[in-house]
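Quick notes on the structure that follows.
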Amino acid sequence: MIPASACASIELYWLPLGAGGHSVRANGALFEAVAAGLGRRDRCDLYHAALQVDGAEGRFVVEQAPARANGRARGVVAVGPVGARAAGRFRLFRYEIRRWRGGTIADVAEAVESPVPLSRERSTGERLLALVPSVPLPVWGRDELGLGEMWNSNSVISWLLARSGIDVEAIPLPRGGRAPGWRAGALAARADIPVYGFSHGACG
């Protein structure tokens with residue numbers, strides 16, 4: 001039997017894009033309709049990924065979300081620009097990366113086929129949490145890294161998992177679902193692309 005002190009858990013949650021907000025959901029549906037038309041395929045449900053990591057230091061929520069005031073209260077460790085790098089001067093056009101001790105995942109009640117257990121190794125959980133402040137910060141919604149796919153919240157999660165030693169390609173998506181940006185994060189992790197961005201460090 002493995003001692004409890006040697007264990008941690010990493011769990012993935014798939015949240016419907018725009019859960020709790022009609023505007024994001026509608027824009028996501030429009031995006032998927034266009035993408036499906038261009039790709040000559042059926043439409044899929046779109047999902048946003050978030051992580052919950054339990055370890056010796058407590059429970060942490062790790063995710064990307066729109067930036068808000070008082071980031072320290074949510075464990076914000078980095079901020080990046082949305083749409084265009086210059087636009088990141090304004091909070092409305094920023095995203096935040098959270099490593100939120102004791103935090104919650106918004107609209108977790110709407111999560112689909114979740115949680116997905118990914119690891120019980122304490123070293124893997126600690127490695128993932130240590131990596132969060134060094135996640136790349138490309139412009140959200142653009143393919144600034146030239147990976148063939150835009151960078152978004154799913155890219156952040158897949159980058160962290162891949163860098164932590166977890167096989168992201170083996171992680172199942174909800175049936176009939178798609179996670180735009182997921183492949184970009186995995187590719188960036190494998191390519192060892194230099195970390196650069198808008199603002200690393202604690203944010204107020």
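We did not get these values from a lab; they are worked out from the coordinates using the rules stated. For clarity, every value in this text was computed on a predicted model and none was experimentally measured. Cβ sites come from the backbone with ideal geometry, for glycine too, and all protein chains shown count toward neighbours.
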Going from the alpha-carbon gyration tensor of segment 39-104, what semi-axes, largest first and in whole Å, does one get by taking the root of 5 times each eigenvalue?
25, 21, 8
Length added when fully stretched, V108-S123, from 0.36 nm per residue minus Cα-Cα
2.8 nm
In nm, to one decimal, how far is the A191 label point from the S134 one, both placed 7 Å along Cα→Cβ?
1.9
Which value in Å is the Kirkwood Rh of segment 121-164 over different Cα pairs?
11.1
Computed curve, segment 91-161, Cα-only Debye sum without solvent term, log₁₀ I(q)/I(0) at 0.11 Å⁻¹, is -0.35
The extension gain from A86 to D54, computed as 0.36 nm times the residue separation minus the Cα-Cα distance, is 7.9 nm
